[in-house]
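**Q** Structure below; questions to follow.
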Amino acid sequence: MAELLVILPTRAAVLLLFFATVSGSTGPGSRESRGSSRIPSQFSEEERVAMKEALKGAIRIPTVSFSHEESNTTALAEFGEYIRKAFPTVFHSNLIQHEVVGKYSHLLTVRGSDPSLQPYMLMAHFDVVPASEEGWEVPPFSGLEQNGFIHGRGALDNKNSVMAVLQALELLLIRKYSPKRPFFIALGHDEEVSGTKGAQQISALLQTRGVQLAFLVDEGSFILEDFIPNLKKPFAMISVTEKGALDLMLQVNMTPGHSSAPPKETSIGILSAAVSRLEQTPMPNMFGNGPLKKTLKLLANEFSFPTNIILGNLWLFRPIVSRVMERNPITNALVRTTTALTMFNAGIKVNVIPPLAQATVNFRIHPSQTVHEVVELVQNIVADDRVQLHVLRSFEPLPVSPSDDQAMGYQLLQQTIQSVFPEVKIIVPGICIGNTDTRHYVNLTNGLYRFNPVFLKPQDFSSVHGINEKISVESYQNQVKFIFELIQNADTYSKPVPHQHEL
Ligand SMILES: CCCCCCCC/C=C\CCCCCCCC(=O)N[C@@H](Cc1ccc(O)cc1)C(=O)O
Ligand SMILES: [Zn+2]
Ligand SMILES: [Zn+2]
């Protein structure tokens with residue numbers, strides 16, 4: 001049965017009861033008790049002001065993840081209190097069950113009036129990477145509004161999504177909307193340090209409850225503008241897969257000694273040569289495999305001659321296109337496993353030949369490769385037995401989620417983009433070059449989609465984890481509108497009838 005709500009759980013009695021309980025928390029005559037009729041996404045001036053003020057307040061709480069071991073737990077707890085106060089209707093609704101998972105993450109289970117419909121999940125995270133004040137136009141945790149922009153760490157990554165999801169639901173509930181399709185909201189507190197305490201625990205909890213999701217939506221892609229030369233129109237990229245990752249530590253041990261009589265080679269020299277070989281020998285170009293072909297085919301029509309012909313005939317022009325893509329760091333990341341030398345430690349004193357040198361390399365693995373293949377390639381490139389390789393952490397690229405006309409999550413996102421952003425005429429599936437919390441949910445659904453309904457230019461991309469991160473007030477209000485529409489679209493979605501030849 002395709003529209004299974006849950007695979008019947010043994011330990012899920014509570015959840016099932018919760019979903020199955022007759023809806024209608026606001027009494028007879030309300031819209032809630034009448035079921036889900038469409039509510040226009042129009043917000044009063046007062047609501048718009050409240051929306052942006054709520055986001056500013058969220059940015060002011062410094063929920064920084066410093067490392068796996070260290071985060072600002074006081075701020076994480078404060079954030080929990082903050083959202084409860086900012087969205088009282090959500091947190092008091094008897095349509096919604098709220099649980100704190102892994103001490104600081106939040107799982108909201110929203111009951112649908114039709115429990116036979118398979119639930120979906122909206123995801124976001126509220127931890128942020130550190131930010132010192134250096135280089136910022138305004139302090140990173142000030143949430144100041146200037147020239148129509150709300151500034152601060154988390155404005156794009158990813159407090160905007162946390163707040164927009166809760167805000168949209170708050171506004172729907174205030175208007176007495178009663179969702180038909182059940183859904184979950186998962187708000188992680190440690191995505192920036194890999195999500196093992198937040199998203200991974202939420203996923204484990206839902207698995208014990210036997211939940212299977214129709215699809216989920218998380219951060220990871222945007223409505224992109226000016227990312228491709230000669231493509232002036234914005235295009236929405238819904239990432240349907242995500243690169244894998246490998247953190248590899250390279251280590252060289254040599255006998256220490258007096259620097260006045262150095263050996264021919266030191267641990268530092270040997271390691272430097274090895275990492276330099278890695279940097280100078282890019283991983284193979286995998287262009288032609290994976291979802292990028294579909295991305296380019298859909299984009300082809302938007303270019304003028306001759307680019308349209310070149311992109312439309314990759315069977316012939318593949319070598320040229322793949323070489324052009326290699327030239328830019330972002331498009332290069334789409335065609336291969338990338339190699340980034342990120343840490344280097346060696347030496348203890350200026351006149352001591354160091355015994356130990358260590359370097360850490362961060363690889364982002366192309367969807368057509370595996371962790372094992374990359375380790376083998378590294379061994380061949382380094383080709384020096386004195387250099388030991390230690391895998392610190394790794395995971396495979398994520399499966400490719402469907403983007404055909406039967407793929408509910410993809411279709412719902414597409415339909416909502418078309419209605420909220422009618423100026424965006426191009427919607428393409430893509431590859432997420434960074435990692436998100438979605439990887440913790442692969443057992444719950446094959447519909448993993450990464451999309452933020454926000455316009456992004458290359459300079460905005462640099463502000464994510466960089467300086468002067470900001471979102472325009474208009475952009476944020478549109479993000480709320482998008483979620484407001486998406487929730488309602490999920491309630492009215494019906495699978496298209498397959499074409500004759502597909503039957
Ligand atoms: C032809 C088409 C052109 C397409 C241009 C694509 C542009 C890319 C635009 C947006 C990509 C945004 C990716 C953002 C998601 C990244 C989130 C993030 O930073 N995650 C961390 C997670 C992580 C991983 C490992 C750790 O030890 C800690 C955290 C990341 O580093 O990936
Ligand atoms: Zn993020
Ligand atoms: Zn991030």
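**Q** Is it fair to say residue 378 is of a type in the set (A, V, I, L, M), at pLDDT 95 or above, farther than 23 Å from residue 241 by Cα and not in a strand (DSSP E or B)?
**A** The answer is yes for residue 378.
**Q** With the checklist (1) in contact with a Gly (Cβ under 8 Å, 6 or more places away or on another chain); (2) farther than 24 Å from residue 462 by Cα; (3) in a strand (DSSP E or B); (4) in contact (Cβ under 8 Å) with a residue 24 or more places away in the chain in hand, flag the one item residue 82 doesn't pass.
**A** Result: residue 82 fails condition (3) only.
**Q** Hey, any hits in segment 107-115 for a residue that's in contact with a helix residue (DSSP H, G or I) (Cβ under 7 Å, 6 or more places away or on another chain), within 24 Å of residue 55 (Cβ to Cβ) and either within 16 Å of ligand 2 (Cβ to nearest atom) or modelled with pLDDT under 95 (or both)?
**A** No, segment 107-115 contains no residue that is in contact with a helix residue (DSSP H, G or I) (Cβ under 7 Å, 6 or more places away or on another chain), within 24 Å of residue 55 (Cβ to Cβ) and either within 16 Å of ligand 2 (Cβ to nearest atom) or modelled with pLDDT under 95 (or both).
**Q** Next question, about the same structure. Quick check on segment 212-222: of everything there that is in contact with a Leu (Cβ under 8 Å, 6 or more places away or on another chain) and over 11 Å from residue 448 (Cα atoms), which residue is surrounded by the fewest Cβ atoms within 10 Å (Cβ to Cβ)?
**A** If we take residues in segment 212-222 being in contact with a Leu (Cβ under 8 Å, 6 or more places away or on another chain) and over 11 Å from residue 448 (Cα atoms), then 212 is surrounded by the fewest Cβ atoms within 10 Å (Cβ to Cβ).
**Q** Another question about this same structure. Return the residues of segment 255-302 that are more than 18 Å from residue 365 (Cα to Cα), assigned to a helix (DSSP H, G or I) and open to solvent by 80 Å² or more (accessible area, probe 1.4 Å); say none if nothing qualifies.
**A** Answer for segment 255-302, where residues must be more than 18 Å from residue 365 (Cα to Cα), assigned to a helix (DSSP H, G or I) and open to solvent by 80 Å² or more (accessible area, probe 1.4 Å): 277, 294, 297.
**Q** Would you point out the residue of segment 223-239, among those that are in contact with a helix residue (DSSP H, G or I) (Cβ under 8 Å, 6 or more places away or on another chain) and open to solvent by less than 30 Å² (accessible area, probe 1.4 Å), that is farthest from ligand 2 (Cβ to nearest atom)?
**A** 231
**Q** Output the residues belonging to segment 154-172 that are more than 14 Å from residue 143 (Cβ to Cβ) and either within 11 Å of ligand 3 (Cβ to nearest atom) or modelled with pLDDT under 95 (or both).
**A** 157, 158
**Q** Against the condition away from ligand 3 (no atom under 16 Å from the Cβ) and closer than 24 Å to residue 69 by Cα, how does residue 144 come out, does it pass?
**A** When the stated conditions are applied, residue 144 does not pass them.
**Q** Restricting attention to segment 68-126, which residues are among the aromatic types (Phe, Trp, Tyr) and within 20 Å of residue 449 (Cα to Cα)?
**A** Answer for segment 68-126, where residues must be among the aromatic types (Phe, Trp, Tyr) and within 20 Å of residue 449 (Cα to Cα): 120, 126.
**Q** May I pose another question? If I filter segment 119-132 for residues that are more than 21 Å from residue 483 (Cβ to Cβ), more than 16 Å from ligand 2 (Cβ to nearest atom) and open to solvent by 40 Å² or more (accessible area, probe 1.4 Å), do I get at least one hit?
**A** yes
**Q** Follow-up question, since we're still on this one. Quick one: is residue 108 over 20 Å from the mean Cα position of the chain (by Cα) and either crowded, with 20+ Cβ neighbours inside 10 Å or under 16 Å from residue 172 (Cβ atoms) (or both)?
**A** no
**Q** Another question about this same structure. Restrict the check to segment 446-458 and report whether at least one residue is assigned by TED's automatic domain parsing to the domain that holds residue 146 and in a helix (DSSP H, G or I).
**A** yes
**Q** Here's a follow-up. Scan segment 142-155 for residues that are surrounded by fewer than 24 Cβ atoms within 10 Å (Cβ to Cβ) and within 30 Å of residue 490 (Cα to Cα) and jot them down.
**A** Hits for segment 142-155: nothing passes.
**Q** On to the next question. All but one of (1) more than 26 Å from residue 216 (Cα to Cα); (2) touching a residue at least 12 places away in the same chain (Cβ under 8 Å); (3) under 24 Å from the mean Cα position of the chain (by Cα) hold for residue 72, so report the exception by its number.
**A** Of everything listed in (1) more than 26 Å from residue 216 (Cα to Cα); (2) touching a residue at least 12 places away in the same chain (Cβ under 8 Å); (3) under 24 Å from the mean Cα position of the chain (by Cα), residue 72 misses just condition (2).
The values are calculated or read from the model by the stated rules, or taken from the named source; none is laboratory data. Please read all numbers here as calculations on a predicted model, not as lab measurements. Glycine also receives a Cβ, built like all others from the backbone with ideal geometry; neighbour counts cover every protein chain displayed. We work out accessible area using only protein heavy atoms, side chains counted, and drop any ligands, DNA or RNA first. Shrake-Rupley method; radii C 1.70, N 1.55, O 1.52, S 1.80 Å.
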